[in-house]
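Student: So that we are looking at the same thing, I have put the structure below in structure tokens.
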Amino acid sequence: MEMEERDLGTQPLEAIMQRWGVSNHDLVEDSPEQLTHKQIQRAKAGRRLTLKMMMKVARSLNIAIWNRLSKQNKETFVEYLHKDIFSYAKDYNPDKADPNEAMIQALHPKK
């Protein structure tokens with residue numbers, strides 16, 4: 001029986017969180033669901049999660065970002081899907097451009 005790879009390396013989730021300036025704590029605090037710091041660490045580190053858990057992390061990420069946006073930016077923010085933040089998710093596309101790139105650049109210009 002072949003064992004499935006469980007450690008899949010740092011996930012796109014980590015880079016997206018850094019670019020938005022969102023911490024693990026922000027995700028746990030802002031999530032309306034039960035989400036722990038350990039779950040976020042595992043998600044970022046590339047431990048294989050269930051689809052349900054990937055979707056929970058994606059929802060929490062979107063809420064954490066949303067809570068930090070102005071009313072105007074909320075209107076144009078494109079929510080991230082689980083397949084945007086986990087490289088092992090079905091239909092993940094590493095070449096997909098971030099739909100919020102212009103907003104990130106405007107809010108968090110590179111130093």
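Every number in this text was worked out from the coordinates using simple rules, so none of it is lab data. What you see is a predicted model, and the numbers here were worked out from it, not measured in a lab. We place every Cβ from the backbone using ideal geometry, glycine too, and count neighbours over all the protein chains shown.
Student: May I ask you to list the residues in region 1-44 that are loosely packed, with under 15 Cβ neighbours inside 10 Å, under 12 Å from the mean Cα position of the chain (by Cα) and assigned to a helix (DSSP H, G or I)?
Tutor: A15, Q18, Q41, listed by residue number.
Student: Go over the candidates D98, D91 one by one and state the one that is within 23 Å of L8 (Cα to Cα) and surrounded by fewer than 11 Cβ atoms within 10 Å (Cβ to Cβ).
Tutor: Numbers: D98 fails: surrounded by fewer than 11 Cβ atoms within 10 Å (Cβ to Cβ).
When all the criteria are applied, what remains is D91.
Student: Now for a different question. Going residue by residue through region 29-43, is there one that turns out to be within 22 Å of E101 (Cα to Cα) and in contact (Cβ under 8 Å) with a residue 24 or more places away in the chain?
Tutor: Keep residues of region 29-43 that are within 22 Å of E101 (Cα to Cα), which gives none.
No, that holds for no residue.
Student: Can you name the residue in region 101-111 that is of a type in the set (D, E, K, R) and farther than 18 Å from L61 by Cα and is also surrounded by the fewest Cβ atoms within 10 Å (Cβ to Cβ) among such residues? Even if it seems obvious, please write down each step before you answer.
Tutor: Step one: of region 101-111, the residues of a type in the set (D, E, K, R) are 101, 110-111.
Cutting the leftovers down to farther than 18 Å from L61 by Cα gives us 110-111.
Working: K110: 5, K111: 3.
Applying the filter and picking the extreme gives K111.
Student: If I go through region 70-91 residue by residue, how many of them are touching a residue at least 24 places away in the same chain (Cβ under 8 Å) and not small (G, A, S)?
Tutor: Initially, region 70-91 is screened for residues touching a residue at least 24 places away in the same chain (Cβ under 8 Å), giving 73, 76-77, 80, 82, 84-89.
Next, only the ones that are not small (G, A, S) stay: 73, 76-77, 80, 82, 84-86, 88.
Qualifying residue count, region 70-91: 9.
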